[in-house]
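This report concerns only the one structure given below.
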Amino acid sequence: MRPPSGCPEWLTVYTAAERPDLWESVRSSGLFYDVWPEYNMHGTHTSAYFGVLFPRFPDFQTLFVDERISRVVARGRTIPFSWDGTLGDLPDGIDSVGLRAVQSDSKPNALSALAAEVDRPMQGLGLSSVVVATMGQLAASNGLQALVAPVRPSIKDRYPLIPIERYAEWRREDGTPFDPWMRVHARLGAGILRAEPRSMEIVAPVEEWERWTGMALPEDGQYVFPGGLAPLVVAGGRGEYFEPNVWMLHKG
Ligand SMILES: CC(C)(COP(=O)(O)OP(=O)(O)OC[C@H]1O[C@@H](n2cnc3c(N)ncnc32)[C@H](O)[C@@H]1OP(=O)(O)O)[C@@H](O)C(=O)NCCC(=O)NCCS
């Protein structure tokens, strides 16, 4: 596909529809697995929507190839859904938008970001804004009126006890969002719609949580854990965690 403005000339963008072979080889190699904390790969509902993006929505999945080294260095995943544009009709977070997208029969008129991933050696070079700009271009070129993103604030794990509603409002002295990943969206013109304290549900037996976090969880209670954006609640042999997100709207 045509790259968005600001894309370096050494970066080529392909949709999964254009390069199904490449999409499949990235998936089977687990290229981006290590950019996520382990617990994050075990959402209760995520396979129902992440699991069907390809082959169901191939035009909305993108890969970014660094032509200097002939390697995929970033990936963007999105899902089209129907939304009347009001806060009342905005899904309660990433699980909710993903499930609506795969279950609803209504014609999609909006696009939701689901995940942007940059390969570790290429992080910190500004590629993420190209990934998000490409999502905006996909929305426009497919006739969808809006791009929204359930943003996973990238340094919220340093402040797991702060409610997401407060964290979303934090600003730097220059007025831009405190969180770097929210800042990327804001610089591309996005504004905050709503904080979502229960965007993605991860519920599992406590033994699984001990394995994912590398921590003993010996009794019922609330735990702060490495990489967690909010506390984990352990009760009756189960660990329950809700990942908070912040909905941001990119004006079309
Ligand atoms: C979040 C992610 C996509 C950012 O990609 P990136 O190309 O490395 O980010 P950029 O180089 O464009 O930097 C974006 C901002 O984050 C900041 N940043 C980058 N790495 C950071 C880090 N480890 N800690 C704090 N800030 C960081 C940059 O300084 C920049 O902010 P600024 O320019 O306003 O100061 C990438 O880190 C990633 O793949 N993370 C894992 C998956 C994920 O969390 N995706 C987002 C949720 S879907």
- Message: With an 8 Å Cα cut-off and a minimum separation of 6 or more residues, compute the relative contact order for the chain in percent.
- Response: 19 percent
- Message: At 1.4 Å probe radius, can you tell me the per residue accessible area of the range 11-250 in Å²?
- Response: 45 Å²
- The set of residues whose placed amide H lies less than 5 Å from the amide H of Ser199, leaving out same-chain residues fewer than 5 positions away, is Glu243, Asn245
- Note on the structure: Quick calc of log₁₀ I(q)/I(0), the range 23-112, Debye, one scatterer on every Cα, no solvent, q values 0.15 1/Å, result -0.67
- Query: How large is ³J(HN,Hα), in whole Hz, for each residue of the range 4-10 in order, when computed from phi with the Karplus curve 6.51 cos²θ - 1.76 cosθ + 1.60 and θ = phi - 60°, using x for Gly and Pro?
  - Reply: x, 5, x, 6, x, 6, 8
- Provide the descending list of Cα extents for the chain along its principal axes, expressed in whole angstroms. 54, 44, 39
- What percent does the relative contact order of the range 56-179 come to when contacts are Cα pairs within less than 8 Å and at least six residues apart? 22 percent
- Query: How many percent of the alpha carbon pairs in the range 127-243 exceed a separation of 22 Å?
  - Reply: 46 percent
- Task: Indicate the helices, whole DSSP H runs only, in the chain that combine a mean Kyte-Doolittle hydropathy of 1.0 or more with a Cα extent along their long axis of 15 angstrom or more.
- Result: 127-141
- Message: Skipping prolines and chain starts, which residues have an amide H placed within reach, meaning under 5 Å, of the one on Ala146, given they are 5 or more residues away or on another chain?
- Response: Leu111
- Applying the Karplus parametrisation 6.51 cos²θ - 1.76 cosθ + 1.60 with θ = phi - 60° to the phi angles of the range 80-92, what ³J(HN,Hα) value in whole Hz is obtained for each residue in order, glycine and proline being reported as x? x, 8, 9, 8, 7, x, 9, 5, x, 9, 5, x, 7
- Query: Check Arg71: other-chain or 5+ apart residues with amide H under 5 Å from its amide H, H built from backbone geometry?
  - Reply: Asp66
- Classified through the alpha carbon gyration tensor (a ≥ b ≥ c as square roots of its eigenvalues; rounded if a/c is under 1.5, else prolate when a/b is larger than b/c, else oblate), the range 60-127 comes out prolate
- Item | Accessible surface of the range 11-250 [probe 1.4 Å, protein heavy atoms]: carbon and sulfur percent | 51 percent
- Determine the gain in length on full extension of the stretch Val35-Ser47; use 0.36 nm per residue of separation and subtract their C-alpha separation, reporting nm with one decimal. 2.5 nm
- Nearest 20 debye, what's the magnitude of the dipole of the range 126-246 about its Cα centre given +1 on Lys and Arg Cβ and -1 on Asp and Glu Cβ? 540 debye
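The values are calculated or read from the model by the stated rules, or taken from the named source; none is laboratory data. A quick note: this is a predicted structure, and the numbers were derived from the prediction, not measured. Heads up, the Cβs are rebuilt from the backbone with ideal geometry, glycines too, and the neighbour counts pull from every protein chain shown. Heads up: the accessible areas ignore ligands, DNA and RNA and are worked out on the full protein's heavy atoms, side chains in. Shrake-Rupley method; radii C 1.70, N 1.55, O 1.52, S 1.80 Å.
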